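Chemist: One structure follows; several queries about it will come next.
The values are calculated or read from the model by the stated rules, or taken from the named source; none is laboratory data. Quick caveat, the model's predicted, so the values are computed rather than measured. Methodologically, a virtual Cβ is constructed for each residue, glycine included, from the backbone with ideal geometry; neighbour enumeration extends over all protein chains shown. Areas reflect the complete protein model, heavy atoms only, side chains present, ligands, DNA and RNA absent. Shrake-Rupley method; radii C 1.70, N 1.55, O 1.52, S 1.80 Å.
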Amino acid sequence: MPLGERHGGDKSESRYCGIETEFDDDMPNLLSYNVHGGFDFILATLMDPNYRPSLLDNDTSRSRALPFAGSDLVLSPSQWSSHVVGKISSWIDLDSEDETLREDSEITLKQEIAWASHLSLQACLLPTPKGSSCANYARCLNQIFQNLGGMQLWLRIPLVKSEDDTEAKNPDCMGEGKVDSWELWNSFRLLCEHHSQLSVALDLLSSLPSASSVARWFGEPIRAAIINTNSFLTNAKGYPCLSKRHQRLATAFFDHSVQIVISGRSVHKVPVGTSESHVDNQIEGWRHPLKSYLDYVAFLYQKMDPLPEQERFELGYRDYLQSPLQPLMDNLEAQTYEIFEKDTCKYSQYQRAVAKALVDRVPDEDASRVTTVLMVVGAGRGPLVRASLQAAEETDRKLKIYAVEKNPNAVVTLHSLIKLEGWEGIVTIVSSDMRSWDAPEKADILVSELLGSFGDNELSPECLDGAQRFLKEDGISIPSSYTSFVQPVTACKLYNDIKSHKDLVHFETAYVVKLHRVARLAHTQPVFTFTHPDHSPTASNQRYKKLQFDIPEDTGAALIHGFAGYFDATLYKDVHLGIEPSTCTPNMFSWFPIFFPLRTPVCVQPGSPLEVHFWRCCGSTKVWYEWCVTSPSASPLHNTNGRSYWVGL
């Protein structure tokens, strides 16, 4: 039974909670027992744990069926697929010094994966690598991946990072010599070349590493979090509960479609016949021994705030790579205009900025006789025209507006709006590119919404350079300035999506993306700033910036897949607009961040600075970005001469 529902039509995989079970050759009974107990799926051992291929002679092995937990016929195909995650034998050690154990492990792993594929299981849980080396384990998996079909393999990794490298290691918990389980995972995933069917099942122990260390996992492909009953505390009423840090982590997992799995035996004596859950699965007085743990996980899920309307709208865009707009080369479609026009928060900020500019431009005593000339360049279907007129009404100022738009289709809409809204005599429509229009008079205020996710990536500087010639010497530009920002991120899903294209072009393209399954590894830093109007005789829109990021020491090592980019704009004086995380405008959805990928991910060790370079380059027909990393190791220069990605002038 799902844990709950956060909003109408909640389809998140994290609604489903599983249970880790011991080997049982009566699979129908095992499944029925746990599903009737309230769990949605079981982590079930597929093979008798006593089985070893080396103990069988050749004649016996040929004539005898493998000791799996029942045949494929004991459950329906949908039961196998929806309610069972296969658990590969935990004794397997593919990098053992013992040759017999190593060979047995290799044979058994391949037999169990083949059986799981035959059952059409959606996933299998792989045991944690036993030693400090996992090369042979990864080699066998690479062979398996070549013929695997669609099944996911979850590598079991304990969530461990010693804050003191001299701490004793637990060889049963993870590879000896590893004080940071992320490094074990990273070694394994690099040996498997970031395979998209390899993901993580994190074992949550009773103590957690630092918040920074835990945060880097959210850029990794985590599918499940396994919580042992020993990790639960006891509340005042005797029920199991989790520490505040574990609660926050579980809630974050829910938000990232990570499924919780309960493991172990009941260690809490809950009063018989009672439950803190609103929904209690009791059949004729019987209650699953781990039901109180399940109830608590359900309680955590149900007490989460419902997703705001904006986030529900953005769900389908999470981690979906989109090519940035080419606003000068292409005309926007009506549907695109409509989406942007619904962003009321953005236009209310523009209205505030225009209102302040009008008041500063025209004193109260001149308000009735002075008409301010305002030009909207890139008027689209009129939202900035409307915001400007509302600002004039609010401040009791007189306006004359020129609405300049190059898209002939949007111009049709503007003409109909003038009649519909009664803007005749106030608004003049100009069907022209702002860079080539010869204005009949100069403007007091120039208003535009030409900003992209990275501020200047939709050619706002070039457009406003062309338009500022018809702005008065003391005229006001809204926006008056904007700055781009970047930060390094772990983004395994984005990297794999780009890698799937198997070409250079996609790794040298900057994408607009609603970042979700990412780990932001350092605070943002400013990159390029543009100010308008810019009357400098040597003004250039080319830029270069070298940045150094210091990842917090307690984070541990991390893998950088690329850089997330944002912008912050000053519309006028203290009115700003932006998506930079620390100052972002709330409830605004017109812009998602931009993502600059790295062709080869860069591993950064604790205390080692990350040095990155960004260039904004301008040619006669296009503008493009180039980027590279020079420390801790050098990457190739990306997008040299705009060979893969550019914005056309």
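Chemist: Could you order the peptides 414-427, 612-625, 385-398 from most to least packed, using the average number of other C-beta atoms within 10 Å per residue?
Modeler: Highest to lowest by the protection proxy: 385-398, 612-625, 414-427.
Chemist: Ignoring ligands, DNA and RNA, what accessible area per residue does the chain give at 1.4 Å, in Å²?
Modeler: Here the per-residue accessible area is 43 Å².
Chemist: Something else: Please compute the net charge surrounding Ala357, taking Lys and Arg as +1 and Asp and Glu as -1 over other residues with Cβ under 11 Å from its Cβ.
Modeler: +3
Chemist: Separate question: Return a whole-number percent for the relative contact order of the chain, with Cα pairs under 8 Å and 6 or more residues apart as the contact set.
Modeler: Relative contact order comes out at 11 percent.
Chemist: List, in the order given, every pair from Lys346/Lys514; Lys356/Lys406; Lys342/Lys514; Lys303/Lys346 whose Cα-Cα distance in the structure shown is over 20 Å.
Modeler: Among Lys346/Lys514; Lys356/Lys406; Lys342/Lys514; Lys303/Lys346, the Cα-Cα distance tops 20 Å for Lys356/Lys406; Lys303/Lys346.
Chemist: Return the carbon/sulfur percentage of the accessible area of the chain, one whole number, probe 1.4 Å, all protein chains in place.
Modeler: Within the chain, the accessible surface is 50 percent carbon and sulfur.
Chemist: Let me know the charge dipole size of the chain about its Cα centre in debye, to the nearest 20, where only the beta-carbon of Lys, Arg (+1) and Asp, Glu (-1) is charged.
Modeler: Here the size comes out at about 700 debye.
Chemist: To continue, here is another question. Roughly how many Å is it from the Cα centre of the range 87-153 to that of the range 322-382, as a whole number?
Modeler: Between the Cα centre of the range 87-153 and that of the range 322-382, the gap is 59 Å.
Chemist: Moving on to the next point. Give, as a single signed number, the net charge of other residues whose beta carbon lies under 12 Å from the beta carbon of Leu94, with Lys and Arg counted +1 and Asp and Glu -1.
Modeler: -4
Chemist: Report, in degrees rounded to the nearest 10, the 0 to 90 angle that the Cα long axis of helix 99-118 makes with the longest principal axis of the chain.
Modeler: The two axes meet at around 60 degrees.
Chemist: For Thr570, what is the net charge nearby, where nearby means another residue's Cβ is under 13 Å from its Cβ and Lys, Arg count +1, Asp, Glu -1?
Modeler: 0
Chemist: Sort all Cα-Cα distances of the range 51-153 into consecutive 10 angstrom bins from zero, then give the percent of pairs in each bin up to the one containing the longest distance.
Modeler: So the P(r) values, bin by bin, are 14, 43, 34, 9, 0.
Chemist: Among 367-376, 494-503, how do they line up by average Cβ neighbours within 10 Å per residue, starting with the highest?
Modeler: 367-376, 494-503
Chemist: Could you work out, for the chain, what percent of all Cα-Cα pairs fall into each 20 Å distance bin, beginning at 0 Å and stopping at the bin that holds the largest distance?
Modeler: 17, 41, 28, 13, 1, 0
Chemist: Hey, rough spin-label estimate for Tyr544 and Ser243, points 7 angstrom out along Cα→Cβ, what's it come to in nanometres?
Modeler: Taking the simple label geometry, Tyr544 and Ser243 are separated by 4.9 nm.
Chemist: Name the residue farthest towards the positive end of the dipole of the range 408-481 from the options Pro479, Gly422, Ser432, assuming +1 on Cβ of Lys and Arg, -1 on Cβ of Asp and Glu, about the Cα centre.
Modeler: Ranked along the dipole, the leading option is Gly422.
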